[in-house]
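Below you'll find the structure, written out as structure tokens, and then a few comments.
The values are calculated or read from the model by the stated rules, or taken from the named source; none is laboratory data. The model shown is predicted, which means the values in this text are computed figures rather than measured ones. Ideal geometry is used to build each Cβ from the backbone, glycine not excepted, and the neighbour counts take in all protein chains shown.
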Amino acid sequence: MESVKQEVLIVGSGIGGLVCGAILSKNGYHVTVLERNKQIGGNLQTYARDKCIFDSGVHYVGGLDKGQNLYKIFKYLDIIDKLKMQKLDEEAFDRIVFLSDQKEYKYAQGYERFAETLIADFPKERDAILNYCEQIKSICKKFPMYQLEVGDGFSKSTVLSIDTKAFIESITQNERLRNVLAGNNGLYAGIGDHTPVYVHALVLNSYIESSWRFVDGGSQIARLLCKIITNAGGIVKNRTEITRFHEEDGKITYVEDSNGKRYEADYFISNVHPARTLEMLETDKIRNAYRNRIMNLENSLSAFMVNITLKPGLMKYEKTNYYCFLHDDVWQTMDHTDETWPLSYCLFYSASSKSDTYAEAITLMAYMKYEEVEKWKDSFNTVLTPESRGDEYENFKKAKAEKLINLANERFPGLKNAVLSYYCATPLTFRDYMGTHDGSIYGIAKNYKDPLKTFISPRTRIPNLLFTGQNVNLHGVLGVAISSLVTCAEILGMEFLIDAINEAQEA
Ligand SMILES: Cc1cc2nc3c(=O)[nH]c(=O)nc-3n(C[C@H](O)[C@H](O)[C@H](O)COP(=O)(O)OP(=O)(O)OC[C@H]3O[C@@H](n4cnc5c(N)ncnc54)[C@H](O)[C@@H]3O)c2cc1C
């Protein structure tokens with residue numbers, strides 16, 4: 001007799017929810033994913049303007065060369081060969097630029113080339129740069145899941161309480177090199193005297209190992225993962241907002257959507273921010289101390305993004321990303337005022353299958369605090385439920401976009417002239433599309449001073465309720481894929497899952 005499949009209900013179709021859904025589908029569970037947006041994928045969503053595709057939240061990804069961690073996860077899921085990807089410039093996947101200096105400091109791929117490139121810029125700092133590389137690699141080795149190995153939490157405990165800024169300061173006395181080494185800290189919204197070095201190391205290491213762009217956008221990952229679930233008989237349902245998790249006798253029995261429809265299952269996985277999940281959960285099984293801790297955790301900052309379509313043939317396409325700083329101290333770029341904004345910005349090119357000679361579209365991104373748009377907080381605007389936030393908001397966006405474009409034009413002459421049209425996203429856009437309170441781009445901010453407080457376990461006091469996504473473990477496509485392994489291991493067992501991933505590499 002065929003055994004009845006266990007039901008898994010996943011709330012949210014970000015990469016976290018979808019990777020969990022795909023893994024559990026592969027392992028015989030019947031999966032239902034419920035997503036409140038029209039488009040699945042959370043931050044993997046893309047949108048098109050003037051025939052150009054823009055990513056909402058993924059510009060480049062690391063760890064995708066054969067044998068590397070994200071490659072292995074995608075190989076296990078059998079999607080690696082189906083993804084349209086482009087490797088970034090091996091000599092310079094990132095360029096760090098300071099207003100006070102005409103030089104572009106390059107981050108090259110592969111540790112040897114990465115070190116050589118920096119040593120060419122800082123010949124007297126050879127030992128410091130080599131030591132830095134060794135230390136980053138050694139920190140990463142302390143995280144078994146990152147290496148796709150079974151291990152305990154002990155090895156990493158020795159590095160959880162180290163501050164990134166202090167770590168870099170211990171490497172070299174050279175101020176410029178210190179700032180160059182932290183120059184892409186926008187990848188993790190790094191804060192001096194706050195962000196633990198393991199976040200810096202795990203993120204940076206993956207890009208040094210290899211850096212990739214998704215051609216025509218990252219939503220292809222969501223589509224491929226969705227197919228795994230539906231091909232196994234599962235369901236991925238959009239336009240379904242969950243508003244309540246119902247607990248009975250110590251277990252979640254169903255979740256309820258905004259229309260009152262109930263969905264029962266054996267396991268429930270929330271891909272929604274843990275604070276928002278707890279708001280939807282009525283139970284006395286979760287202790288107040290835990291609830292208060294999660295509700296009061298600080299989130300990383302939000303951003304202002306200008307997605308620009310370009311006139312044809314005017315701006316060369318580059319397989320590199322720019323991190324531009326108006327001040328020499330890369331740790332101070334969040335401390336802007338209305339007058340000084342922005343203190344830094346990034347420039348990303350969109351990879352298109354139509355051409356890689358000239359750029360069709362670029363994105364400019366700068367930090368922005370939720371408070372800067374808070375006066376429009378009562379509006380809610382998505383494709384599914386469009387609502388105008390009013391003329392004042394439109395003017396605010398226009399002024400910010402033009403300031404950013406003018407600024408970027410100083411470093412990239414001709415950019416302004418090449419602009420065909422532009423579209424903006426503010427912290428309110430991120431809030432409304434991702435379902436967070438404040439539009440935080442990377443979720444809960446990790447803090448070296450109290451590392452365990454900002455470490456969210458996938459497990460809750462309710463045995464059949466699990467968390468997944470960027471707030472568990474680490475953010476980013478790689479970080480969240482690993483979070484999904486940590487979550488699925490609660491159901492499948494860690495050894496089983498790691499063995500299955502490693503065995504799949506031989507196929
Ligand atoms: C501007 C920006 C740039 C970024 N750049 C990069 C990059 O270059 N490289 C990289 O690796 N990472 C990048 N990231 C980070 C990365 O995109 C995220 O860490 C990752 O996609 C988060 O995935 P997730 O599954 O945790 O959550 P999300 O993508 O936030 O998905 C959560 C999903 O849950 C849904 N949801 C919420 N509430 C409910 C509810 N009540 N009912 C039903 N559904 C609900 C949401 O609609 C959403 O679809 C960037 C992020 C942003 C915002």
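Quick one: F467 ticks every box in (1) within 16 Å of the ligand (Cβ to nearest atom); (2) out of contact with any Pro (no Cβ under 6 Å at 6 or more places or on another chain) except a single one, so which number is it?
The one condition F467 does not meet is (2).
Filter the range 353-362 down to residues that are in contact (Cβ under 8 Å) with a residue 12 or more places away in the chain and surrounded by fewer than 20 Cβ atoms within 10 Å (Cβ to Cβ), then give me how many there are.
Final tally of qualifying residues: 5.
Closer than 30 Å to I501 by Cβ, modelled with pLDDT of 95 or more and not assigned by TED's automatic domain parsing to the domain that holds S353: does that describe K156?
No; evaluated as a whole, the condition is false for this residue.
Residue by residue through the range 232-261, note down the ones that are of a type outside the set (V, I, T) and closer than 16 Å to V8 by Cβ.
Listed by number, the residues that qualify are A232, G233, G234, K237, F245, K251, Y254.
Is it true that some residue in the range 88-103 is closer than 20 Å to Q220 by Cβ and either in contact with a strand residue (DSSP E or B) (Cβ under 7 Å, 6 or more places away or on another chain) or assigned to a helix (DSSP H, G or I) (or both)?
yes
Being in contact (Cβ under 8 Å) with a residue 24 or more places away in the chain and in contact with a strand residue (DSSP E or B) (Cβ under 8 Å, 6 or more places away or on another chain) is the requirement here; does I456 meet it?
Yes, satisfied.
Going by what's in this entry, would E279 be described as more than 11 Å from the ligand (Cβ to nearest atom) and either modelled with pLDDT under 95 or surrounded by 13 or more Cβ atoms within 10 Å (Cβ to Cβ) (or both)?
No: the conditions fail for E279.
Does G28 fit the bill of being out of contact with any Ser or Thr (no Cβ under 6 Å at 6 or more places or on another chain), more than 30 Å from R176 (Cβ to Cβ), within 16 Å of the ligand (Cβ to nearest atom) and in the same structural domain as T230 (by TED's automatic domain parsing)?
no
If a residue must be surrounded by 18 or more Cβ atoms within 10 Å (Cβ to Cβ) and either within 23 Å of K311 (Cβ to Cβ) or among the hydroxyl-bearing types (S, T, Y) (or both), how many such residues does the range 367-384 contain?
2
What number of residues in the range 376-387 are out of contact with any helix residue (DSSP H, G or I) (no Cβ under 8 Å at 6 or more places or on another chain) and farther than 14 Å from Y433 by Cα?
Count: 1.
How do the helices (runs of 4 or more DSSP H) wholly within the range 155-220 filter down when requiring 2 or more residues that are free of Cβ contacts under 8 Å to residues at least 40 places away in the same chain: which remain?
164-171
Which of the numbered conditions does S302 fail, given that it passes all the others? Conditions: (1) exposed (fewer than 14 other Cβ atoms within 10 Å of the Cβ); (2) in contact with a Pro (Cβ under 6 Å, 6 or more places away or on another chain).
All conditions are met except number (1).
Report, by residue number, each residue of the range 4-46 that is polar (S, T, N, Q), part of a loop (DSSP other than H, G, I, E, B) and either crowded, with 24+ Cβ neighbours inside 10 Å or touching a Gly at 6+ places or on another chain (Cβ under 9 Å) (or both).
Q6, S13, N37, Q45
Give the range 47-59 a look and list any residue that's surrounded by 22 or more Cβ atoms within 10 Å (Cβ to Cβ), part of a loop (DSSP other than H, G, I, E, B) and more than 6 Å from the ligand (Cβ to nearest atom), or say none.
Correct list: S56 only.
Which members of the range 125-154 meet the condition of being of a type outside the set (S, T, Y), crowded, with 19+ Cβ neighbours inside 10 Å and part of a helix (DSSP H, G or I)?
Passing the criteria: E125, A128, I129, I136, I139, C140, M145.
All but one of (1) without any contact (Cβ under 8 Å) to a residue 40 or more places away in the chain; (2) buried (at least 23 other Cβ atoms within 10 Å of the Cβ); (3) hydrophobic (A, V, I, L, M, F, W, C) hold for M295; state the number of the condition that does not hold.
(2)
State which residue is farthest from the ligand (Cβ to nearest atom) when the search covers only the range 418-457 and only residues that are basic (K, R) and crowded, with 18+ Cβ neighbours inside 10 Å.
Filtering the range 418-457 for residues that are basic (K, R) and crowded, with 18+ Cβ neighbours inside 10 Å, the one farthest from the ligand (Cβ to nearest atom) comes out as K446.
Taking only the range 486-504 into account, find how many residues are touching a residue at least 60 places away in the same chain (Cβ under 8 Å) and not in a helix (DSSP H, G or I).
0
Looking only at the range 346-364, decide whether some residue is under 24 Å from N184 (Cα atoms), among the hydrophobic types (A, V, I, L, M, F, W, C) and assigned to a helix (DSSP H, G or I).
No: zero hits.
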